[in-house]
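Here is the structure we will look at.
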Amino acid sequence: MTAQEVVFTLLGAVAVGSAILVVTTRQLVHAALWLVVSFGALAGAYLLLTAEFVAWVQVLIYVGAVVVLLLFGIMLTRAPIGRMPRGGPDDPLDSGNRWAALAVALATAGVLITTLVHGFSDAVIDLKAEGGGAEPLGASLFRTWVLPFEVLSVLLLAALIGAIVLSRTDIGPRDREGRR
Amino acid sequence: MIALVSLTIALPFCAAFAGMLLGRRLSRTLSARALPAAGSAAPDAPTTPLPAVVPDAAPAPGDEARVPELSRLAGPDLALRRLPRNGPALIAIASTALATLLALIVATTVWLDPGTREGTLTLVPTGTVDIAIGLQADGLAALVGLMVCLVALAVQIYSVAYLAEDPRYCSYAAFVSLFTAAMLLVVYAADLLLLYVGWEVMGICSYFLIGHHWEDRANSRAAVKAFLMTRLGDVGFLIGIFALGIGAGTFSIGGVLDAVPDLPAGTLTAATLLLLAGVAGKSAQFPLHTWLPDAMAGPTPISALIHAATMVAAGIYVIARLYPAFWAAPASLTVLGIVAVISMVGSALAALAQTDLKRVLAYSTISQLAYMAAGLAVGAQTAAVFHLVTHGAFKALLFLAAGSVILVAGSNLLGRYGGLRRTMPITFWAMTVGYAALIGLPPVSGFFSKDSIIEGARHAAATAGREGTGDTAAAVPDIPGGAAWAIYIALLVTVGITAAYAMRAWLMTFFGEQRGSFQAREAPALMTWTVAALAVPSAVLGFFGLGAAELRPHLVSAGLALLWAAGGGAAAYLLWNRDPARDPADRLGPLRTVFDRAFYLDELYAALVVRPVRAAARAVVVADRRGLDALVVGTAGWSRRAGGALRRIQTGNAQSYLTGLLAGVVVIAAGVVILL
Amino acid sequence: MHALYPLVVSALLFSVGVYGVLARRNAILMLMSVELMLNAVNLNLVAFDALWRDRLHGGQLLTLFTIVIAAAEVGLGLAIVLLVFRNRKTVEVDRLTELGEARRDPAEARRGADAETSAEPVAAAREGDGP
Amino acid sequence: MLELVVKLVLLAAAFAVLPLLVGQTEHKVMAHMQARLGPMYAGAFHGWAQLVADGVKFVQKEDVVPRAADRRIFKLAPAVALVPYLIVLVVVPIGPDGQVVLDLRVGLFFALAVMGVGVIGAIMAGWASANKYALLGGMRVAAQLMSYELPMVLAAASAAMAAGTLSLTGIVEEWRWWWLPWQAIGAVVFFVAGLAELRRPPFDMPVADSEIVFGPYTEYGGLRFALFLLAEYAGIVVLSALTTVLFLGGWKGPFLETELGWLWTLLKVFALSFVVIWLRVSYPRLREDQLQRLAWAWLVPLSLLQLALTGVVKVAMA
C-alpha cells in the first residue's frame, strides 16, 4: 500500500462516511453540511488522481453553489431546526420503504463491486502530475470537445429559462377568460 | 334501336337527378323572370311551404278549412298557370314526354317489323357467369314500355295540379322519374340481373313515394310495410334468378330461355317457384298482397302509377317474359293459378265492402292482376299481356279520376260522395268508361281482354287431362284439370263480384244526393283533361286485340261473363236503389266486416308472424341481457377485480416505483454478471 | 495506485446515493442523494481518465460537463420543489400521489369501483396554482 | 520545509495583525469622516489598543448558546466563516520570486472556490440560531452570494484571460501598467461583487440591524461574535489582496519592485481597504431589489463586456 493509497483510502472513507450520514441524518441542514464534507473529500480524491482543475471546479460549483442552493431550498421549505423524531408514516425524512431501499442499495453495491473487482483486479493507475491542469484541459475542451461544450451552453440556457418560468408566479398559462 | 331504348331509359333517369338538383333553382329562375310579366301577381315560388293537400283516409277535422284552398284551385285554374314556373315538373314532364316519343318509335318499329332486337352495352366479368348490361326490344317489351311511358306521362301531368302546393314536389317528381326509368329498365332488360336492378330500384322508389307524406305516422308505416313485404318476395326472386342463371350458365334472358329444355325439371320448378315469390310480392298476390291496400296512403297519382298500372304489372310482365320457363314447370303454373284464384275472389269480395274509394280500387287491382296471373296459368299468355295493357289504361284512368273526386270532396270515403254526376260531368263519363272496362262490358277495352282470358281458361279446363290434342288453336300447359276448372269458375264468379263492387262504387259516387259538405265542382282542368285523355285508350284499346285470333271475343265465354256481370251489377243496383243514402254493402250483414277487413289476413299475419317474432325478439333480449350481457358485464367485473388487485401497486409514490425499477435493473445486471 | 480504490469508493458512493433516493421522502434530501450518485460517476470518470491516460482528457472534461449539468439540475429541481411546496405545503415526495390510484376508505371500496374520485386533489392543486 | 514553516508563521502573523489594523483604521477613519475622534484612550496613543481591549472584552463574555439552537453547527459556524480567508491567503503572493506560501497552478480558482465556502459559515450561523431574524439573514446571505458569485468569477476570469494563466503569481508577472485602463471595468466589478459577498456596507442587507437585528449573528456573543468580526475584516484584507493581485499589479510599483515588492502589495491592500471603509461611510444600504438589480442588470453585463474586451484585445495582440 503506497502513501497515495493510504491517503486515498482515508479520503474515500470520509467521502463515503459523510455520504452515509447525508442519507441517514435526522437533521436536514446537517445533511447539506455533510454533503459539503463529502464533496470536499471527493475534491481531495480528484487532487490525488491529478485532476487538479476538476477538484477546484468541484469545490467552486458544488460547495460554493450547489450546496448553497440546497441550503437555500431547505430554508425556503421551512425545515424545522433540530433532530427530527424517527417514527412511522409521519417521519418527515424517511419514507416507508427504507428497508427495501436498503436491500436495493446493498444489492447495487454488491453487483457493482463484484463487477469492478472482476474487471479491474490488476489495473494500476500510473499517477503523473501532468494532465490535470487548466491548460491541457482547456486545449482539449476547445479543440476536441467544442461541440459538446456548445451544446451544453444550450442546455444551460434551457435550464435557466426553465428555472425562471418555474419559480416566477406572475407568468403562467392564461386561463380561459384571458386573465393571468 | 338499342341506343333508342337505352335513351328511353336514361332520359327519366337523368331527369330524376336533374330535377332533384336543379328543380328548385329552375323554379326560382322562372318565377323571377315571370315576375315582371305577371305584374301584380303574387310571386309564390313553389319553395314556399304551404299546407299540402293530403287526401287522408279518415275524415279530417279540417275539411271545412280546406274549402277555400280547394276553391282557389278549382276556380281560376292556377295549376295550369303555374306549370311554366314549376321547375321540377317541367324537367320531369319534358323528359317523360321525350321518353314516350322514343318508346313510341321503338314500338312502331317493332310493330312494323316484328322480331327481337338485342344489344349488349357492356359485359361485366365476374369470374363465373358474366353479367351482360344488355337491352332488348321485342313486341312484348315495346308494348309494355309504351304503356309505362304513357301512364307515367299522364301521372306527371296530373300531379302538377294535384300536388301543386306540395313543398316536396322536387323529390316527388324526381322519384316518379326515377321510378319510370327503373320500370323501363325492367321492361327492356335483356339480362336477369339488370332486370333485378330495375326491380329493386322500383321497390325503393315505391317506398319513398308511398311515404311522401311521412309527417303522418300511418303513411310511413305503410311505406315500411310495402317495402318489407316486397322485399320478402324479392329474396325468393333473387335466389330464383341465381338458380336460373347458374343452371343455364348465363344471366341473359334469351340465353336462359334457350337453355330451358336442357334444364332438369327440379331446378326449373324450384327456380320458377322462387320467382313466383317475388312476383307475388311485387304484383300483390296472395299471400303477400296486404301491402297494396295500405300503400294507398301515398298520393293518388302514385297509386295510379305504381300500384295500378306499372309496378305491380312488373311481376306479371316477368312471368310473361320468362314464360317458356314457366311453361316447362307446370307445378309452378298450378301454384300460380291457385294463388290467382284465391287472390281474385278474395280481393274482389274485400273490394265489395271497402268504404274507402282508393281501397276499393286497390283490391280491384289485386283482383285484376290475379286475372292476368290466371291467364298466364292457363296458357293464355297473349290474353294476359293484353289485359295487362288494358288494365294499365283503365286502372290509371280510375285512379286519376278517383283522385279528382277525392280532391273535390276532400275525403277518401265513399260515404261522403254522392250526386257528383252533374257537377263533375267529365270525370263522371271518364270514370264510367273505366268502370265499364273494369267489369268487362262491351265494347270497352276490358271486355276484350277479360273475355280472352276467360276463353283461355275455358279452353284449358276443357282440354285438361286430355293428351295429344294439339289441334286446337292455343296450346295448353300441363296443369291439373281441377285447377283449370277452379280457375275458370273463379274467373266467372269474380266477374260478377267485380260488377257488384264497381256498380256500388259508381252509384255511391255519382248518384243520389250529396252526402258530404263540400263545394262540388269540376276538378282543375289539367287533371280533368288528363283523365279524359286516358278514357280514350280505356275505351278503344280493346279493338286492337281484334287483330289477333286468340284475342277475339268468343260467344260462350262472353255470354257467360256478361250474364255474371249483369247479375252482380243488378244485385248492387237493387240493393242501392232501396235506399240511395245507404251503403249497399251494409246488406251483407256480418260478412261485411269480414270483407272490409280482407278476411282478417292482416290480423292473421299479426297473430302468426308479428307476435311470435316479437315474442322471440323479447326472448332474445332477455337472453341477451341475462345471458350474454351478464357474461360480458361479468367479464368486466372480473377484470376490474383483477385490476383492483394490481392497482394496489399503483400507489402514485414515485419512490416505490423507482425502488422496483432499480431492483429490476440490479437483478438483470446480476444475471448478466453471473451468466456471462 | 491500484485502480480498485477509486472504483470501489465510487461504487459505494453510488449505492449510498441509491439508498438516499429510495429511502428519503424529503425532496431536497432526494436531490442531495442524486448529487451523491452524480459525484460517484464523476469519481469513476476521473479515475478512468487517469487509468487510461486519456490524451483528450475525455474523463475529466466529461466530469466538468457533469458538474455543470448537475448545477443546472439542482437549480431546476429546486425550482420544482419550491413550486410543489408553494402549492402543497409539503416536500414529501411520497405524499404526492395524485397520479396513483385514489386511496379509499374500506366502506367505499366495498361499495364498488364505480366512484372514481381521484380527480379532486388534482383539481384542488390546480386551484392553488392561481395567482 | 523550513522555508514553508517560516512562511506559514509569517502568514499566521499577517492574518492576526492585518485585520486588526483594518479594524482600527475603520474606527478612526469613520470617526474622522463623521467629524469625531473615535477611540482615544485605550493604549494611550489615539486608542491604538482599542481592538485588543475589545478582544479581551469578548473573551471575558459568557459563552451563550440558545437552547433551541443546533449547538454543533452554531459553534462550528464562526470557524467555517473565518478559516477559508486564512486559506486563501496561502496562495496570495506579496512579492516576486516565491514570496508566496503556495504557488498553485490554478491559484485563482482555488481562491475563488475557497472564498465561496466562507459564505456557508454565515448561512450555517443564520440557520443554527433558531431565530427568525437569523434565518432571514442567512437566506439573504445565500441569495446575495448566488447573485454576486457570477460577476465576480467572470471578472476574475477576465484577468486570467489577459494574463494567460490561472496562477496568481503568474498573473502579477504578466501585469503591465496599461492593464489599468484595459481591465478597469473588471476591477470595479470584481471589487463591488467582492464587497457584496463580504456583506460590507452598502451591501449589508443580511445583517441590516434596523430590520433583522443583526442577521445571522443575532444570537452570537463573546468570542464567537469576535470571530465573525475578524472574518469580516479578514475578508476585507483578502478581497483587497485579490483585487491588488488581479488588477492592480500586486508587488509591481514605480521602483524597487524586487526589494520592496511586499511593501507595494501592502500599500495597495491598505489603499483598497480604505476604499472599503470609505464606501461604508458614504453609501446608504441597498434595498433587496436594488441589490439584485445591480448584480444582474449591471455587474453581469459589465463583466461580460469586460470579458469580450479582453478577448478582443488578446486576439488583436496575438
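Here are the numbers:
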{"quantity": "Members of the range D:181-191 found to be in contact (Cβ under 8 Å) with a residue 24 or more places away in the chain and either on the phi > 0 side of the Ramachandran plot or over 21 Å from the mean Cα position of the chain (by Cα) (or both), listed by number", "calculated": "D:TRP182"}
{"quantity": "Hits in the range D:133-159 - residues which are more than 7 Å from chain A (Cβ to nearest Cβ), farther than 15 Å from D:VAL207 by Cβ, over 15 Å from the mean Cα position of the chain (by Cα) and open to solvent by 10 Å² or more (accessible area, probe 1.4 Å)", "calculated": "D:LEU150, D:LEU154, D:ALA157"}
{"quantity": "Residue within the range C:47-54 that is within 14 Å of A:ALA55 (Cα to Cα) and touching a Phe, Trp or Tyr at 6+ places or on another chain (Cβ under 7 Å) present", "calculated": "no"}
{"quantity": "Tally of residues being basic (Lys, Arg) and in a loop (DSSP other than H, G, I, E, B) across the range B:228-254", "calculated": "0"}
{"quantity": "Of all residues making up the range B:261-289, the number that are open to solvent by less than 10 Å² (accessible area, probe 1.4 Å), among the aliphatic types (A, V, I, L, M) and over 16 Å from B:ILE366 (Cβ atoms)", "calculated": "3"}
{"quantity": "In the range B:545-581, the residues that are open to solvent by less than 50 Å² (accessible area, probe 1.4 Å) and without any contact (Cβ under 8 Å) to a residue 24 or more places away in the chain", "calculated": "B:GLY559, B:ALA570"}
{"quantity": "Hey, B:THR463 open to solvent by 10 Å² or more (accessible area, probe 1.4 Å), over 16 Å from B:GLN519 (Cα atoms) and β-branched (Val, Ile, Thr) or not", "calculated": "yes"}
{"quantity": "Test: residue in the range B:244-252 that is aliphatic (A, V, I, L, M) and either in the same structural domain as B:ASP138 (by TED's automatic domain parsing) or within 26 Å of the chain's Cα centre (by Cα) (or both)", "calculated": "yes"}
{"quantity": "Qualifying position, being among the aliphatic types (A, V, I, L, M), in a helix (DSSP H, G or I), open to solvent by 90 Å² or more (accessible area, probe 1.4 Å) and more than 14 Å from chain C (Cβ to nearest Cβ), among B:LEU628, B:LEU646, B:LEU661, B:LEU604", "calculated": "B:LEU628"}
{"quantity": "Leading residue by the ranking (modelled with the lowest pLDDT) among those in the range A:128-170 that are open to solvent by 50 Å² or more (accessible area, probe 1.4 Å) and among the small types (Gly, Ala, Ser)", "calculated": "A:ALA129"}
{"quantity": "Selected residue (criterion: modelled with the lowest pLDDT) from residues of the range B:437-493 that are out of contact with any Leu (no Cβ under 9 Å at 6 or more places or on another chain), within 25 Å of B:PHE543 (Cα to Cα) and among the hydroxyl-bearing types (Ser, Thr, Tyr)", "calculated": "B:THR472"}
{"quantity": "Close pairs (7 angstrom Cβ cut-off, 6 or more residues apart or separate chains): surrounded by fewer than 24 Cβ atoms within 10 Å (Cβ to Cβ) in the range B:527-538, not in a helix (DSSP H, G or I) and not small (Gly, Ala, Ser) anywhere", "calculated": "B:THR528/B:GLU522"}
{"quantity": "Filter pass, A:LEU93 being within 28 Å of C:LEU61 (Cβ to Cβ) and either facing another protein chain (nearest Cβ under 7 Å) or open to solvent by 20 Å² or more (accessible area, probe 1.4 Å) (or both)", "calculated": "no"}
{"quantity": "Some residue of the range C:18-26 being more than 10 Å from the chain's Cα centre (by Cα), at the interface with chain A (Cβ under 7 Å from one of its Cβ atoms) and open to solvent by 20 Å² or more (accessible area, probe 1.4 Å)", "calculated": "yes"}
{"quantity": "Filter result for the condition that a residue is crowded, with 24+ Cβ neighbours inside 10 Å, facing chain A (nearest Cβ under 9 Å) and not basic (Lys, Arg), over D:ILE120, D:ILE94", "calculated": "D:ILE120"}
{"quantity": "Filtered residue count, the range B:155-202, keeping only those that are within 20 Å of B:VAL124 (Cα to Cα) and open to solvent by 10 Å² or more (accessible area, probe 1.4 Å)", "calculated": "7"}
{"quantity": "Residue in the range B:291-299 that is assigned to a helix (DSSP H, G or I), under 27 Å from B:SER411 (Cβ atoms) and of a type in the set (Gly, Ala, Ser) present", "calculated": "yes"}
{"quantity": "Considering residues of the range B:607-620 that are open to solvent by less than 70 Å² (accessible area, probe 1.4 Å) and among the hydrophobic types (A, V, I, L, M, F, W, C) only, the residue nearest to B:ARG221 (Cα to Cα)", "calculated": "B:VAL610"}
{"quantity": "Selection from the range A:106-127 of residues that are open to solvent by less than 30 Å² (accessible area, probe 1.4 Å) and at the interface with chain C (Cβ under 7 Å from one of its Cβ atoms)", "calculated": "A:THR108, A:ALA109, A:LEU116, A:ALA123, A:ILE125"}
{"quantity": "Single unsatisfied condition, D:ILE277 versus (1) modelled with pLDDT of 85 or more; (2) open to solvent by 20 Å² or more (accessible area, probe 1.4 Å)", "calculated": "(2)"}
{"quantity": "Tally of residues being open to solvent by 10 Å² or more (accessible area, probe 1.4 Å) and in contact with a Pro (Cβ under 6 Å, 6 or more places away or on another chain) across the range C:27-53", "calculated": "0"}
{"quantity": "Restricting the range A:8-50 to residues that are open to solvent by 40 Å² or more (accessible area, probe 1.4 Å) and at the interface with chain C (Cβ under 7 Å from one of its Cβ atoms), the residue that is nearest to C:MET1 (Cα to Cα)", "calculated": "A:THR9"}
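Residues checked against (1) touching a Phe, Trp or Tyr at 6+ places or on another chain (Cβ under 7 Å); (2) at pLDDT below 80; (3) more than 22 Å from B:VAL531 (Cβ to Cβ); (4) not charged (D, E, K, R):
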position	(1), (2), (3), (4)
B:ALA92	no, no, no, yes
B:ALA97	no, no, no, yes
B:LEU121	no, yes, yes, yes
B:THR126	no, yes, yes, yes
B:ALA141	yes, no, yes, yes
B:VAL148	no, no, no, yes
B:ALA154	no, no, no, yes
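Yes/no per residue for (1) touching a Phe, Trp or Tyr at 6+ places or on another chain (Cβ under 9 Å); (2) modelled with pLDDT of 85 or more; (3) open to solvent by 10 Å² or more (accessible area, probe 1.4 Å):
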position: B:SER343; (1), (2), (3): yes, yes, no
position: B:LEU352; (1), (2), (3): yes, no, yes
position: B:THR382; (1), (2), (3): no, no, yes
position: B:THR390; (1), (2), (3): yes, yes, no
position: B:ARG416; (1), (2), (3): yes, no, yes
position: B:GLY434; (1), (2), (3): yes, yes, no
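For every residue, the table says whether it meets (1) over 24 Å from D:ILE277 (Cβ atoms); (2) assigned to a helix (DSSP H, G or I).
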{"residue": "D:ALA142", "(1), (2)": "yes, yes"}
{"residue": "D:TYR148", "(1), (2)": "no, yes"}
{"residue": "D:LEU166", "(1), (2)": "yes, no"}
{"residue": "D:SER210", "(1), (2)": "no, yes"}
{"residue": "D:LEU227", "(1), (2)": "no, yes"}
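Yes/no matrix, rows are residues, columns are (1) at pLDDT 85 or above; (2) more than 13 Å from the chain's Cα centre (by Cα):
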position	(1), (2)
A:LEU11	yes, yes
A:VAL22	yes, no
A:VAL29	no, yes
A:PHE39	yes, no
A:TYR46	yes, yes
A:GLU52	no, yes
A:LEU69	no, no
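The values are calculated or read from the model by the stated rules, or taken from the named source; none is laboratory data. Every value quoted in this text rests on a predicted model; they were computed, and no experiment measured them. Cβ: placed from backbone, ideal geometry, glycine included. Neighbour counts: every protein chain shown. Each accessible area value is taken on the protein alone, full model and side chains, heavy atoms only, with ligands, DNA and RNA left out. Shrake-Rupley method; radii C 1.70, N 1.55, O 1.52, S 1.80 Å.
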